[in-house]
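Participant: Before we start, here is the structure in question, set down as structure tokens.
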Amino acid sequence: MVKMVSGRVRQCVVSTICQLSAFVANAAYCWFEPITNRLTEDPKLNFSSEDISWLIAIVEVGGFIGPLMSGYLTNRVGRKYVIMSIGPLCLAGWILILCSKTILSLVLARVFQGLAIGIALTIPPIYTAEIAEPKLRGTLTGTLQIMCNLGLLYVFSFGPYLSYDVFVYACLPLPIIFTMTWMFIPETPYYILMNGEEDGGRKVLEYFRDGGVEEELEEMKNAIREEMSVEGSWKTLFCDKVERKAFIIVLIVCITKYLSGLGVMMNYALDILSRSECFLSADIMSILLAFLLTLFSFMAAFMSDWIGRKPLLLLSCFGCFLANFLIGGYYYIHEKTSIDASNFTWALYIGLLMFCFFSEIGLGPLLQTLQSEMFGASTRGIAAGFIQGLSAIICLLVLKVYTPVNEAYGVYMNFWFYSLVCLIGGILLIWLLYETAGKTIGRMEEKSKNKVFIFKRSN
């Protein structure tokens, strides 16, 4: 591995290529939303609104299996090859969609796409955390959310204006390009050291660093030795004090994130915005929404190492609480009162803007950051797989109940529920969360200490 550029540049380049998997997977995850109206209106397809609802939600079946499967495999075949599987899974989905437009083939394609997004949200953050310097880890893992939003922006920008087949052809090259690029990327030094190959681990670490690596290599070996002294298992997550607390914290962040309305915004943007009295069309508004999410995620990627994980997560929770409350308030006036809602569209605009900003500075990117850095080497894959599997179940429930709640109560009830969840999540994190920025992964809270809560930030 000849050094042509600095180690930090290589870290940035390789982590960006790694996070491209999230771009590919999220484009596959969200592609259905921009064309849902046309699918119900096309007499050749004859899809009902209930069919569309299931096709939107069924992706979470794969989203549940993918993290559990990848969490198990990542310590056995390596981070690199698990991530590489994202490309073929997405490609298989796109080919199925082109070859057949029956419900059965689309369901199978959506399950493949769900497997891909489940893996993309689980293993790439681990890979990035294991190659990154502590000072860069938050920034580099935070780029996952940027790539997710770029995938969303890609399909929202092309979907409304291309025919069904042309739209699929526009998405088809993405997994091919990613897979061909990723083939040449090295495995992480952590995984190589976990397999007892010290020379190989040193060689890869030297590739990602400038200057001597012996001290960091020794720290990695000690951390892995300590973490691997306890066999990685589900039991460890609940019986080890430090692992259990990390698991509880990440679990709260996971539940808050996926009950904050982010998944509904991605999958039902056209439905939500078409119910309002905006002066722009729902198609244009959905593109603007995806653009704002992407823009704010770019800004937020550089904030977590500078400001810290805890302040950003708390700000995100309470900011999303206010944003969802405003959006719900607008729809309550629009749906349940005789007041002219056009006089209150400012509440909808401000609420959407606030949601895009506050979700992207904390809840959006930092779940993956925390799950990749708070657990030990022996439990990192298992914990991440469990958390992302749980997130798929939550998303499935949220996506399926969205329409029944709208019909029974109104759109406002969904958003006021999301608002309440964000408030409760923020209060719990004030009490539980400790700072992790700048610390060695897997050793955020010293195991030798008896204190339950540590808030001191490492310098």
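Participant: Just how far, in whole angstrom, is segment 156-221 from segment 56-119 if you go by their alpha carbon centroids?
Facilitator: 18
Participant: Once every DSSP H run of n ≥ 4 in the chain is given -39500 (n - 2.57) and the sum is divided by its residues, what mean residue ellipticity at 222 nm do you get, rounded to the nearest 500 deg cm²/dmol?
Facilitator: So the calculated ellipticity at 222 nm is -23500 deg cm²/dmol.
Participant: Sticking with this one: Over segment 124-174, give the accessible area per residue in Å² for a 1.4 Å probe, as an integer.
Facilitator: Result: 27 Å² per residue.
Participant: Quick one: how many lysine pairs does segment 110-249 have with C-alpha atoms less than 22 Å apart and a gap of 8 or more or different chains? Give me the count, please.
Facilitator: Close lysine pairs under the 22 Å cut-off: 4.
Participant: Just checking my list [x] 22.4; [y] 25.8; [z] 25.0 against Kirkwood radius over Cα pairs in Å computed from this structure; which label fits?
Facilitator: Label of the calculated value: [x].
Participant: What number comes out for accessible area per residue over segment 337-413 if the probe is 1.4 Å? Units Å², please.
Facilitator: With the other protein chains kept in place, segment 337-413 gives 30 Å² per residue.
Participant: Also, quick follow-up: Expressed as a rounded percentage, what relative contact order does the chain have, with Cα pairs under 8 Å and six or more residues apart?
Facilitator: Here the relative contact order equals 24 percent.
Participant: Run the accessible area of the chain with a 1.4 Å probe and give the carbon-and-sulfur part as a rounded percent.
Facilitator: So the carbon and sulfur contribution to the accessible surface is 68 percent.
Participant: What is the local net charge at Asn414, summed over the other residues whose Cβ is closer than 13 Å to its Cβ (Lys, Arg +1; Asp, Glu -1)?
Facilitator: Around Asn414, the charge tally is -1.
Participant: Each residue of segment 309-323 in order: what ³J(HN,Hα) in whole Hz does its phi give by Karplus 6.51 cos²θ - 1.76 cosθ + 1.60, θ = phi - 60°, with x for Gly and Pro?
Facilitator: Result, rounded to whole Hz: 5, 4, x, 5, 5, 5, 4, 5, 4, 6, x, 5, 4, 5, 5.
Participant: Arrange the residues Tyr402, Tyr409 by how much accessible surface each exposes, largest first, with a 1.4 angstrom probe.
Facilitator: Putting Tyr402, Tyr409 in descending order of accessible area: Tyr409, Tyr402.
The values are calculated or read from the model by the stated rules, or taken from the named source; none is laboratory data. None of the values given here were measured: they were computed from a predicted structure. Positions of Cβ are backbone-derived with ideal geometry, glycine not excepted, and every protein chain shown enters the neighbour counts. When the accessible area is computed, the model is the full protein with side chains, heavy atoms only, and any ligands, DNA or RNA have been set aside. Shrake-Rupley method; radii C 1.70, N 1.55, O 1.52, S 1.80 Å.
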